[in-house]
Amino acid sequence: MDDLVKFKPAATRAAPATRGRPSREEAEAAVRTLIAWAGDDPEREGLIDTPRRVVKSYEELFSGYGEDPNAALARVFKEVDGYADMVLVRDIPFVSHCEHHMAPFLGKANIGYYPRNGVVGLSKLARIVDTFAKRLQTQEAMTAQIAETVDDALKTRGVAVLVEAEHMCMSIRGVRKHGVSTTTTQFTGLFQGDSNEQMRFLTLLRGAR
Ligand SMILES: [Zn+2]
């Protein structure tokens with residue numbers, strides 16, 4: 001019960017170090033346990049180095065826990081010669097892992113915003129997508145976290161985020177449906193509740209393809 005009360009959404013959740021991070025040896029031992037559970041022999045030649053490799057790849061796949069998404073947006077360019085229309089960054093590729101099965105889900109994120117006090121370098125928006133993707137996620141939470149972070153950092157007039165992804169937990173196990181794409185959207189500011197603005201965002205996204 002206590003645990004439930006302390007649960008926070010991913011955006012504000014602290015790095016796992018606060019709970020006492022297991023050692024690398026403990027993490028490798030856990031992988032050996034899973035190999036044995038799957039029915040194989042973790043000591044055979046082909047698998048002997050696998051726990052080390054898996055733990056190393058986890059460092060990369062889940063590097064988002066060690067990154068501050070706000071840091072990427074700290075540098076705002078204010079000289080935009082009065083540019084006030086929508087800034088749209090399309091097709092930012094990402095790989096994430098669903099928090100229910102720890103299976104990959106991969107796709108593309110699209111971000112549009114109306115600047116108020118300035119803009120950020122376009123690669124920085126890709127960076128924050130990566131930071132949130134490289135955590136255990138739901139697509140819905142990730143979409144909301146991206147929108148919230150861009151909105152907070154840039155004090156925009158509105159942010160629109162659309163994420164499309166295929167979830168391996170659906171395509172390689174369970175219902176085993178390939179090629180099913182899930183779309184999630186999140187709107188803030190002047191996009192929120194304004195179907196014309198939402199439509200403009202979606203039209204610009206499609207038109208530019
Ligand atoms: Zn899943």
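Structure notes:
- Residue pairs whose Cβ atoms lie under 6 Å apart, sitting 6 or more positions apart in sequence or on different chains, and linking a residue in region 160-171 that is in contact (Cβ under 8 Å) with a residue 12 or more places away in the chain to a partner that is of a type in the set (Ser, Thr, Tyr), are 161/143; 162/185; 163/143; 163/184; 164/181; 164/183; 165/182; 166/181.
- Here the condition is being among the small types (Gly, Ala, Ser) and within 22 Å of residue 74 (Cβ to Cβ); of 147, 160, it holds for 147 alone.
Results for (1) under 12 Å from the mean Cα position of the chain (by Cα); (2) not basic (Lys, Arg); (3) not in a helix (DSSP H, G or I), shown as yes or no for each residue.
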{"site": "57", "(1), (2), (3)": "no, yes, no"}
{"site": "60", "(1), (2), (3)": "no, yes, no"}
{"site": "65", "(1), (2), (3)": "yes, yes, no"}
{"site": "71", "(1), (2), (3)": "no, yes, no"}
{"site": "79", "(1), (2), (3)": "no, yes, yes"}
{"site": "84", "(1), (2), (3)": "no, yes, yes"}
{"site": "88", "(1), (2), (3)": "no, yes, yes"}
{"site": "91", "(1), (2), (3)": "no, yes, yes"}
{"site": "94", "(1), (2), (3)": "yes, yes, yes"}
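- When 89, 55 are checked against the criterion of being surrounded by 12 or more Cβ atoms within 10 Å (Cβ to Cβ) and either within 16 Å of the ligand (Cβ to nearest atom) or farther than 22 Å from residue 127 by Cβ (or both), 55 stands alone in meeting it.
- Residue within region 112-134 that is of a type in the set (Phe, Trp, Tyr), free of Cβ contacts under 8 Å to residues at least 60 places away in the same chain and touching a Ser or Thr at 6+ places or on another chain (Cβ under 7 Å) present: yes
- Residue within region 60-82 that is more than 16 Å from the ligand (Cβ to nearest atom), acidic (Asp, Glu), open to solvent by less than 80 Å² (accessible area, probe 1.4 Å) and over 16 Å from residue 128 (Cβ atoms) present: no
- Those helices (runs of 4 or more DSSP H) of region 107-192 in which at least 2 residues are away from the ligand (no atom under 16 Å from the Cβ) and open to solvent by less than 10 Å² (accessible area, probe 1.4 Å), considering only elements entirely within it, cover 122-133, 139-154.
- Tally, over region 92-106, of residues that are of a type in the set (A, V, I, L, M, F, W, C) and more than 16 Å from the ligand (Cβ to nearest atom): 1
- For region 26-48, a residue qualifies if it is surrounded by fewer than 10 Cβ atoms within 10 Å (Cβ to Cβ) and either within 16 Å of residue 102 (Cβ to Cβ) or of a type in the set (D, E, K, R) (or both), and the qualifying residues are 37, 38, 45.
The values are calculated or read from the model by the stated rules, or taken from the named source; none is laboratory data. All of these numbers come straight from a predicted model, not from anything done at the bench. Here the Cβ is made from the backbone with ideal geometry for all residues, glycine too, and neighbour counts use every protein chain on show. Only protein heavy atoms, including side chains, enter the accessible area calculation; ligands, DNA and RNA are left aside. Shrake-Rupley method; radii C 1.70, N 1.55, O 1.52, S 1.80 Å.
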